[in-house]
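In what follows, a single structure is set out as structure tokens and then discussed.
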């Protein structure tokens, strides 16, 4: 190249290289100082977008995990309340069994009644437990439920049993006779709205359907107006969710259903017993006749007020938990007018035993539901923690800088910058050599 003064192209070229090295060094310095390979969309536009979406997902997963842990705390509060109710019901059954023993005087039973009344009041207090101002097991967070009636099913009687079956013809599930005689006495007791009704009469030629017509109801009417007897069938009606309920063995079984729906009409306990004309208890028959258990629980109509726990990063990724009414009225221990289960006599105490069994089953069902949700939430939390860790690992692969590599790059760019600065100085000296030609 000819020697020129006006345009020193060597210096210009070296300056351009210097600027590129300077920019490269600045980027290397930014990566090393921040620890990230991508500091802005200009570094890697597609990688930046993917990384940002992953960061959103990581934050969402972490919040889901916090939601899960808070939800578990809520469920533990609910379980504590129901667990306390279960403990009370276990104690109450012990008390009513004691009251059913005729070694007690009426004064003793009055004392037991006082304990029972206080315990029932405590059950209502348990049902009013709150978490963050929310009532949990008072029925305000029930699943969507249609109005249902109490259904009491006996799966110990023969599958051929119908409402028209005479008491003297009744058989057990294996087809063996119960040996009930027409001269025997049958005692029927039941509890509705906290009131206990007991009727005793001779077996005679009465059928199961006729028994309901003879049992006193409200002192005037008959039990037939409170209970209807369904023909033997494997289907015993619909639950609150509209699902058909079957017997455990899918075989036919006799079922009694309350004629009044909802908790106002629920029959919380039903007992039948046979004694012969000498007063001797027919234990074989009683073990079968007294095996009417609640197959469908009486519930009032309810909208879907179940608790929703958001545990996913997208809409509708949630766990719904419905909690039924754990108050004493819903458990059949008290009437809507405040009348509590009565154990003032041996007969009433005996009838109360089945009431406590049914109430205990309701409470245990709710407790196991809550426990299952708690267990699921623990698995959910563990899964969310793992998911967050894996996404964060993926985001790190895209976004984070390999510090050894970046330090190597930084050192190279630093050396190149210094070399370019030195060469620029040399290029600038080239023009001065022209002066030697002009002397």
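Computed from Cα atoms, the angle from the helix 346-399 axis to the main principal axis of the chain rounds to 10 degrees.
Remark: 191, 86, 308 ranked as 308, 86, 191, counting other beta-carbon atoms within 10 Å and listing the fewest first. Exposure proxy ranking for 82, 339, based on other Cβ atoms within 10 angstrom of each Cβ and starting from the fewest, stands as 339, 82.
For the stretch 201-224, the residues whose amide N sits under 16 Å from a probe point set 7 Å from the Cα of residue 182 along the beta carbon direction are 202-208.
For residue 361 and residue 389, what is the calculated FRET efficiency with R₀ set at 35 Å and r taken between the beta-carbons, to the nearest 0.05? According to the calculation, E is roughly 0.25. The mean sequence separation of alpha-carbon pairs under 8 Å and at least six residues apart, normalised by the residue count of the stretch 200-334, gives a relative contact order of 16 percent.
Ranking of 375, 158 by neighbouring Cβ atoms within 10 Å, starting from the fewest: 375, 158. Rounded to the nearest 10 degrees, what's the angle between the helix 403-430 long axis and the longest principal axis of the chain, both from Cα atoms, 0 to 90? Its long axis makes an angle of about 20 degrees.
Between residue 209 and residue 146, how high is the FRET efficiency from 1/(1 + (r/R0)^6) when r is the Cβ-Cβ distance and R₀ = 25 Å? Nearest 0.05.
Efficiency for this residue pair is about 0.35.
Each of residue 238 and residue 102 was given a label point 7 Å from its Cα along the Cα-to-Cβ line. The distance between the two points is 4.8 nm.
Each label was represented as a point 7 Å from its Cα along the Cα-to-Cβ direction; for residue 277 and residue 336 these points are 4.6 nm apart.
Dividing the radius of gyration of the alpha carbons in the stretch 280-427 by their Kirkwood radius gives 1.52 for Rg/Rh. Both radii were evaluated on the Cα set of the chain; the Rg over Rh quotient, with Rh as the Kirkwood radius, amounts to 1.44. In this label model, residue 304 and residue 415 are separated by 6.8 nm, measuring between points 7 Å along each Cα→Cβ vector. What do you get for the angle between helix 45-99 and the principal long axis of the chain? Use alpha-carbon atoms, 0 to 90 degrees, nearest ten. Approximately 20 degrees, to the nearest ten. The relative contact order of the chain, computed from alpha carbon pairs under 8 Å that lie at least 6 residues apart in sequence, is 29 percent. With Cα atoms as the point set, the radius of gyration and Dmax of the stretch 1-121 evaluate to 40.2, 132 Å.
Per residue, the convex hull spanned by the Cα atoms of the stretch 64-127 amounts to 55 cubic angstrom.
When the chain is modelled as a GNM with alpha-carbon springs shorter than 10 Å, which of 249, 108, 121 fluctuates the most? Taking springs between Cα atoms under 10 Å, the residue moving most is 249.
What is the Cα centroid distance between the stretch 76-120 and the stretch 212-240, reported in whole angstrom? Each part reduced to its Cα centre gives a spacing of 28 Å.
Values in this text are rule-based calculations from the coordinates and carry no lab data. Keep in mind that what you see is a predicted model, and the values were worked out from it rather than measured. All Cβ positions, even for glycine, are placed from backbone atoms using ideal geometry, and neighbour counts span all protein chains on display.
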